[in-house]
1. Have a look at 42, 117, 135 and tell me which one the Gaussian network model of the chain (Cα, springs below 10 Å) gives the largest fluctuation.
2. Which residues' amide hydrogens lie under 5 Å from the amide hydrogen of residue 178, considering only partners 5 or more residues apart or on another chain, with H built in the peptide plane?
3. What distance in nm separates the simple spin-label points at residue 4 and residue 155, each placed 7 Å from Cα in the Cβ direction?
4. What's the FRET efficiency of residue 66 with residue 26 using the Cβ-Cβ distance as r and R₀ = 22 Å, to the nearest 0.05?
5. Mind checking which lysines have their C-alpha under 29 Å from residue 17, skipping anything on the same chain fewer than 8 residues away?
6. For the stretch 133-149, in order, what is each residue's ³J(HN,Hα) by Karplus, 6.51 cos²θ - 1.76 cosθ + 1.60 with θ = phi - 60°, in whole Hz (x at glycine and Pro)?
7. Take the Cα pairs of the stretch 17-102, get the Kirkwood Rh, then feed it into Stokes-Einstein at 37 °C and 0.692 mPa s and tell me D in µm²/s.
8. If one computes the Cα centroid of the stretch 1-79 and of the stretch 177-200, what distance in Å separates the two points?
Amino acid sequence: GENRLLVKRGIDMLNRKRHRSIALLLNGEQINSRTIGWSIAPLLNTPGRIGRTELAVRFFLESDRAALKKIISEIRSLNDDRRSFINEFCSETFREIQQGSINGRDHLIVIKTDRIPDGFAGLVANRISDETGKPVIVAVLPGKQGLIKGSGRSRSGGLFFSIVERFRDRFERIGGHENAFGFTVPAGDIDGIMQSINEA
């Protein structure tokens, strides 16, 4: 539909009017949905996930080639660190599920952690859901001003967000789509809400 048309036209435009930053990042490679999904988007999402959004802004605004190379190098380094950390964290979390210190027997796996920035919650939830085949919610503690942020992920074909949305009034904020969503919830309500979702 129209989303596909917008993406197609956007890719055509990116290839016709090469943006200097993206052209340098891809080393002249043609842009398609794969290069966006695997080479551009994950890289440019990384600074924002760790509170360094200014790097992504500078990536798009910088005109000096030498400065731009330095920015890209810094973003790549952050992305490599992010990948290594996520791999290590998920391996450890999966071991905790297998050993029973994180409950993996319920319909829903809930991971509460203070070891990741909230921008990593969706990445972790996605990886653990792929590993276990179950819907996963990751909540990042301790939260700010009494509110906890987190993300939920499930493999395709489920009704995860439809079930979670039944409890919309108990969240401070929630939004997403069927297999991926983010939320903010009062810290005192997190356990009760997770129990309700598991039962549902």
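A short reminder: the numbers here are calculations on the coordinates, not readings from a lab. Predicted, not measured: the structure shown is a model, and the values here were computed from it. Neighbour counts are summed over all protein chains in view; Cβ atoms, including those assigned to glycine, are modelled from backbone coordinates with ideal geometry.
1. 42
2. Under 5 Å from the amide H of residue 178 lies no amide H from a residue far enough along the sequence or on another chain.
3. Result: 2.6 nm between the two label points.
4. The formula returns an efficiency of 0.75 here.
5. Excluding near neighbours in sequence, the set is 8, 69, 70.
6. With the stated coefficients, the stretch 133-149 comes to x, 10, x, 10, 10, 10, 10, 9, 9, x, x, 10, 6, x, 10, 10, 9 Hz.
7. Values: Rh = 14.4 Å.
It comes out at roughly 227 µm²/s.
8. 33
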